[in-house]
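> Pasting in a structure now, in structure tokens, and then I'll have a few things to ask.
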Amino acid sequence: VSLGQLSKAGLTDRHVRAWLRAERIVGTTARAVFRMPGAEVTWRQELWVAILAGPRGTVASHASAAALRGLLPPPPNPHVTVARNASGRFAGAVIHHATLAGADRCRFDGIPTTGVARAIVDCAALLDQDALDDLVDAALGRNLSTYRRVRAAWDRAGHVRGGRRLDAAISPFSGSVRLGSDV
């Protein structure tokens, strides 16, 4: 829970300090974000901490967005994207800056995140060719995205690092062959 959420619920700074002393809430790696004592620390919880620590509009992205859908293992540190003009300076996460169109944003299990197509585009900068090929194969093979959606997300993103790898990974899906067919 963030300090802002606690304030909106009517708690003052004095209440929050008292709750911290009484261990009704405990601190996290991010300033002004707290967790409930005894709650198991998981990668999803660390991702939520990063999202709550970020400025308004922060979303899970890159490898974290892919991991939410079971397409990649969770990264050691959560990846989040903040607005291009936001400071995005907070601990415990890998911070990316970008302008995200509404078509590139969604919620998955209640977590604000980039869509699968945008996650693929973003991961082109992080993954080697084999890993990116596997990501694209898994996402398109499970019908979580399509060549056209990935291409559209790439067009909205503009120039991306790893563009050649991305082109090589999605080009086999550019034709009219349907996934799962024998043709």
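> Comparing Ala60, Ala39, Ala93, which has the greatest mean-square fluctuation in the GNM of the chain with Cα pairs linked when under 10 Å apart?
Residue with maximal mean-square fluctuation among Ala60, Ala39, Ala93: Ala39.
> Take every DSSP beta bridge with both residues inside segment 79-173 and express the antiparallel ones as a percent of the total, to the nearest 5. Write down the numbers at each step before the final one.
Details: 4 of 9 bridges.
Counting DSSP beta bridges with both partners in segment 79-173, the antiparallel share is about 45 percent.
> What accessible area per residue comes out for the chain, rounded to a whole number of Å², with a 1.4 Å probe?
56
> Still on this structure: Give me the percent of accessible area attributable to carbon and sulfur for the chain, probe 1.4 angstrom. Write down the numbers at each step before the final one.
Working: 5180 of 10310 Å².
Ligands and nucleic acids excluded, carbon and sulfur reach 50 percent.
> Would you look at the GNM of the chain, springs on alpha carbons closer than 10 Å, and say which of Trp154, Trp43, Trp19 moves the most?
Most flexible of the set in this elastic network: Trp19.
> As an exercise, use a Förster radius of 30 Å and the Cβ-Cβ distance of Val26 and His97 to find the FRET efficiency, rounded to the nearest 0.05. Intermediate results must be reported in sequence, preceding the final value.
Details: r = 30 Å, r/R0 = 0.99.
Rounded to the nearest 0.05, the efficiency is 0.50.
> Same structure, new question: Using a Gaussian network for the chain with springs between C-alpha atoms less than 10 Å apart, which of these wobbles most: Arg24, Arg44, Arg118?
Judging by the Gaussian network model, the answer is Arg24.
> Which of the listed residues, Thr81, Gly4, Ser145, is farthest toward the dipole's positive end in segment 1-150, when Lys, Arg count +1 and Asp, Glu count -1 at the beta-carbon?
Toward the positive end, the furthest listed residue is Gly4.
> Please figure out what share of the DSSP beta bridges in the chain is antiparallel and state it in percent, rounded to the nearest 5. Walk me through the intermediate numbers first.
Numbers: 9 of 15 bridges.
Of those bridges, close to 60 percent are antiparallel.
> Roughly how big is the chain's charge dipole about its Cα centre, with Cβ charges of +1 (Lys, Arg) and -1 (Asp, Glu), in debye to the nearest 20? Don't jump to the answer; show the numbers that get you there.
Numbers: 24 positive and 15 negative charges, 180 e Å.
In debye, rounded to 20, the chain gives about 860.
> What do you reckon, how do Arg151, Arg69, Arg164, Arg156 stack up by accessible area (1.4 Å probe), largest on top?
Largest to smallest exposure gives the sequence Arg164, Arg156, Arg151, Arg69.
> What order do you get for 136-143, 105-112 when each peptide is scored by the mean count of other beta carbon atoms within 10 Å, highest first?
Most protected by this proxy first, the peptides run 136-143, 105-112.
> Which shape class applies to segment 1-66: rounded if a/c is under 1.5, otherwise prolate when a/b exceeds b/c and oblate if not, where a ≥ b ≥ c are the square roots of the Cα gyration tensor eigenvalues? Show your work: numbers first, answer last.
Numbers: a/c = 3.12, a/b = 1.61, b/c = 1.94.
Oblate, since a/c reaches 1.5 and b/c is not below a/b.
The values are calculated or read from the model by the stated rules, or taken from the named source; none is laboratory data. Remember, predicted model here, so these are calculated numbers, not experimental data. Please note: Cβ atoms are built from the backbone with ideal geometry, for glycine as well, and neighbour counts cover all protein chains shown. Keep in mind that these areas ignore ligands, DNA and RNA; they rest on the heavy atoms of the full protein, side chains included. Shrake-Rupley method; radii C 1.70, N 1.55, O 1.52, S 1.80 Å.
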